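K.L.:
Once you've had a glance at the structure underneath, I'll fire off some questions.
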Amino acid sequence: MKTKQTNKLWGAAFSQKPSDAMIAFTAGRDVVGIPPADQALLPYDIWVNKAHCVMLGKTGIIPKFDAAKILAGLNELEHNKTFTLDPSKEDVHTNIESWLTSKLGVDVAGKLHTARSRNDQITTDMKMYLRDQVLLCVDNSIKLTQSLLQLADAHKAVVMPGFTHHQHAMVTTFGHILAGFANMVIRDIDRFQSWFPLHNTSPLGNVVSYGTSFSIDRKMTAELLAFDGPDHNSMDAITNRWESEADLGFAVVSLMNHLSLIAETLILMATPEFGMVKLADQYSTGSSIMPQKKNPDPLEVIKGKAGFAQGQLVSLLSMGKSNFIGYNRDSQWTKYIVMDLVNECKLAPIVLGGVLETLIINTGVMEKWCHKGFIGATTVMEQIIQETHMPMREAKVIVENMVKAGSDKLDLDPKKIIACTKSYGSPGKNSMKTSLKKFKKKLSAHKAWLVRKKSDRVRGLVLLSAYIKNLIKETYEK
């Protein structure tokens, strides 16, 4: 008897299957666990160790010969595909030092931790991790904004109802709505970028918060780690090991709130009652019992993740409310909170972008709904005012009476309404042309910023590699 393995309890009615990535996004942690937090910090801790070791060797705090051995060991570890974190060794820092000690002996490996503590080490690791998450969020948000602006341009003349209080308000265009969504995400990108001037300084060398008697070169390590410079006060960053996390968390929450707004709008527009859009099969899921169902699960999951992120942000903020000066062990939990927050949300812009790019748009239904609910009433009132110069309050009463009487004179051609709309920022033709141009210019600036910041990161790694190569060469040539 043949048996067929069941992976999903739905999908036979779908002409195109959702991707594995989309299924994973909607499934969450139902059957997949999350790796240890310090696993994500492993590459950053190696980078920090290398920069610190180079500095120790170049300044003569430890012998160059020992620094060269440690750096060679770190290079080997970096390319070791079988290395895993040992839970008995407490954290990533201890795991790395233990591995180096097994290779080099304590007489050499034991010198790596000179002039630092785990306090400044983990704070540095986390800032580097957070910095990369900022860049990823900017990158993904730029991609979503590109999709929104392309669709806005393509549908800038497609009329549809605008809503207030979940009721028909005035005629707008689908392109105008999409451009508004793009403006929200562009503002979120601005918020992500503001993280850098606030937090892109190096904590390495702060030690336990109060510096060291060794003559360390903090400017060197800051440069090698792609920071803008060292912290100006050694106590601040270690005491406030929640703030850079919370600032990133707030930017993510703001973005997710906007994505949730977009998701809810699309969910409603896709209902049979609205019928304005339809989600492609790739971004829908089915039911385990109802054969006909095609559900907007990715959009609902975005809404759920937005709520999750808000809870995590509150947790981060609460971590900073009662710290005493210096390191406090409770701040360790900021690592878990911010990693969960970021990991749950970072792919949301990509998923939403996919939904939008494959969206089926029913322009006929959109226009049909522009002939219902007296949606032309405001424009009629404005035209009366412009032609007669009567007070606005008087004109409003006239049109209110027309609404009460059910006058068909309020059923205007929605495209003519858009043609009459002249205010800047509106769905009017000239306004949309101008605003889309400005949004695209702003997006180009964001792209250029992202390229610069990624280049800064690469520059730090290249410089570090050159320092290591020269230090090893100098040592072994002697």
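K.L.:
Between D91, D86, D125, D66, which is of a type in the set (D, E) and either outside the structural domain of L41 (by TED's automatic domain parsing) or touching a Ser or Thr at 6+ places or on another chain (Cβ under 8 Å) (or both)?
P.N.:
Going through D91, D86, D125, D66 in turn, just one is of a type in the set (D, E) and either outside the structural domain of L41 (by TED's automatic domain parsing) or touching a Ser or Thr at 6+ places or on another chain (Cβ under 8 Å) (or both): D86.
K.L.:
Hey, A405 hits all of (1) within 20 Å of V171 (Cβ to Cβ); (2) not assigned by TED's automatic domain parsing to the domain that holds H176 but one; which does it fall short on?
P.N.:
Single failed check for A405: (1).
K.L.:
Which one of A237, A222 is without any contact (Cβ under 8 Å) to a residue 24 or more places away in the chain, under 26 Å from the mean Cα position of the chain (by Cα) and in the same structural domain as S322 (by TED's automatic domain parsing)?
P.N.:
A222 is the lone residue from the list that is without any contact (Cβ under 8 Å) to a residue 24 or more places away in the chain, under 26 Å from the mean Cα position of the chain (by Cα) and in the same structural domain as S322 (by TED's automatic domain parsing).
K.L.:
Same structure, new question: Does A251 count as touching a His at 6+ places or on another chain (Cβ under 9 Å) and either of a type outside the set (F, W, Y) or outside any helix (DSSP H, G or I) (or both)?
P.N.:
no
K.L.:
K81 is checked against (1) more than 30 Å from K372 (Cα to Cα); (2) touching a residue at least 24 places away in the same chain (Cβ under 8 Å) and fails just one. What number does that condition carry?
P.N.:
Checking K81 against (1) more than 30 Å from K372 (Cα to Cα); (2) touching a residue at least 24 places away in the same chain (Cβ under 8 Å), the one that fails is (2).
K.L.:
Give A309, A280 a once-over and let me know the one that is assigned by TED's automatic domain parsing to the domain that holds R187, under 21 Å from Q16 (Cβ atoms) and not polar (S, T, N, Q).
P.N.:
The conditions single out A280.
K.L.:
State whether the residues of the stretch 193-203 include one that is in the same structural domain as H52 (by TED's automatic domain parsing), assigned to a loop (DSSP other than H, G, I, E, B), modelled with pLDDT of 95 or more and surrounded by 24 or more Cβ atoms within 10 Å (Cβ to Cβ).
P.N.:
The answer is yes; a qualifying residue exists.
K.L.:
Name the residues in the stretch 397-420 that are surrounded by fewer than 17 Cβ atoms within 10 Å (Cβ to Cβ), of a type outside the set (A, V, I, L, M, F, W, C) and part of a helix (DSSP H, G or I), would you?
P.N.:
E400, N401, K404, D408, K409, K415, K416
K.L.:
Looking at G376, G364, G275, G286 in this structure, which one is farther than 24 Å from L248 by Cβ and touching a Cys at 6+ places or on another chain (Cβ under 9 Å)?
P.N.:
So the residue among G376, G364, G275, G286 that is farther than 24 Å from L248 by Cβ and touching a Cys at 6+ places or on another chain (Cβ under 9 Å) is G376.
Listed here are the residues, each with its yes/no results for (1) more than 26 Å from the chain's Cα centre (by Cα); (2) modelled with pLDDT of 90 or more; (3) part of a helix (DSSP H, G or I).
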{"residue": "V355", "(1), (2), (3)": "no, yes, yes"}
{"residue": "G364", "(1), (2), (3)": "yes, yes, yes"}
{"residue": "K368", "(1), (2), (3)": "yes, yes, yes"}
{"residue": "G373", "(1), (2), (3)": "yes, no, no"}
{"residue": "V380", "(1), (2), (3)": "yes, yes, yes"}
{"residue": "R393", "(1), (2), (3)": "yes, yes, yes"}
{"residue": "P427", "(1), (2), (3)": "yes, yes, no"}
{"residue": "N430", "(1), (2), (3)": "yes, yes, yes"}
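K.L.:
(1) surrounded by 12 or more Cβ atoms within 10 Å (Cβ to Cβ); (2) without any contact (Cβ under 8 Å) to a residue 24 or more places away in the chain: which one isn't true of S423, the others all being true?
P.N.:
Evaluating S423 over (1) surrounded by 12 or more Cβ atoms within 10 Å (Cβ to Cβ); (2) without any contact (Cβ under 8 Å) to a residue 24 or more places away in the chain leaves (1) as the failure.
K.L.:
Mind telling me which of the residues A115, A152, A157, A109 ends up being modelled with pLDDT of 95 or more and crowded, with 23+ Cβ neighbours inside 10 Å?
P.N.:
None of the other options fit; the residue is A152.
K.L.:
Provide a single number: the residues in the stretch 320-350 that are aliphatic (A, V, I, L, M) and in contact with a Lys or Arg (Cβ under 8 Å, 6 or more places away or on another chain).
P.N.:
Within the stretch 320-350, residues that are aliphatic (A, V, I, L, M) and in contact with a Lys or Arg (Cβ under 8 Å, 6 or more places away or on another chain) number 2.
K.L.:
Scan the stretch 314-336 residue by residue and report those that are assigned to a helix (DSSP H, G or I), farther than 19 Å from I34 by Cβ and in contact (Cβ under 8 Å) with a residue 24 or more places away in the chain.
P.N.:
L317, M319, S331
This table checks each residue for (1) aromatic (F, W, Y); (2) touching a helix residue (DSSP H, G or I) at 6+ places or on another chain (Cβ under 9 Å); (3) buried (at least 22 other Cβ atoms within 10 Å of the Cβ); (4) closer than 24 Å to L204 by Cα.
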{"site": "H232", "(1), (2), (3), (4)": "no, no, no, yes"}
{"site": "W242", "(1), (2), (3), (4)": "yes, yes, yes, yes"}
{"site": "L259", "(1), (2), (3), (4)": "no, yes, yes, no"}
{"site": "I262", "(1), (2), (3), (4)": "no, yes, yes, no"}
{"site": "Y283", "(1), (2), (3), (4)": "yes, yes, yes, no"}
{"site": "M290", "(1), (2), (3), (4)": "no, no, no, no"}
{"site": "L299", "(1), (2), (3), (4)": "no, yes, yes, no"}
{"site": "K305", "(1), (2), (3), (4)": "no, yes, yes, no"}
{"site": "S318", "(1), (2), (3), (4)": "no, no, no, no"}
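K.L.:
Same structure again: Condition check: without any contact (Cβ under 8 Å) to a residue 40 or more places away in the chain and in contact with a helix residue (DSSP H, G or I) (Cβ under 6 Å, 6 or more places away or on another chain). Does G180 satisfy that?
P.N.:
no
K.L.:
Would the stretch 451-466 turn up any residue that is over 30 Å from K58 (Cα atoms), assigned to a helix (DSSP H, G or I) and within 28 Å of the chain's Cα centre (by Cα)?
P.N.:
Taking every residue of the stretch 451-466 in turn, at least one turns out to be over 30 Å from K58 (Cα atoms), assigned to a helix (DSSP H, G or I) and within 28 Å of the chain's Cα centre (by Cα).
K.L.:
Go through the stretch 104-162 residue by residue and tally those that are under 25 Å from M432 (Cα atoms) and in a loop (DSSP other than H, G, I, E, B).
P.N.:
Result for the stretch 104-162: 4.
K.L.:
Filtering the stretch 337-391 down to residues that are under 17 Å from M269 (Cα atoms) and β-branched (V, I, T), which residue is surrounded by the fewest Cβ atoms within 10 Å (Cβ to Cβ)?
P.N.:
I360
K.L.:
Would you call A226 part of a helix (DSSP H, G or I) and of a type outside the set (S, T, Y)?
P.N.:
The answer is no for A226.
K.L.:
In the set L313, L279, which member is buried (at least 16 other Cβ atoms within 10 Å of the Cβ) and within 19 Å of D188 (Cα to Cα)?
P.N.:
Of L313, L279, the one residue that is buried (at least 16 other Cβ atoms within 10 Å of the Cβ) and within 19 Å of D188 (Cα to Cα) is L313.
K.L.:
Restricted to the stretch 170-219, and to residues that are aromatic (F, W, Y) and under 29 Å from C53 (Cβ atoms), which residue is farthest from the chain's Cα centre (by Cα)?
P.N.:
F214
K.L.:
Right, another one. Of everything in the stretch 30-54 that's surrounded by 14 or more Cβ atoms within 10 Å (Cβ to Cβ) and among the acidic types (D, E), which residue is nearest to H93 (Cα to Cα)?
P.N.:
D45
The values are calculated or read from the model by the stated rules, or taken from the named source; none is laboratory data. Since the model is a prediction, treat every value here as computed from it, not as a measurement. Neighbour counts run over all protein chains shown; Cβ positions are idealised from the backbone, glycine included.
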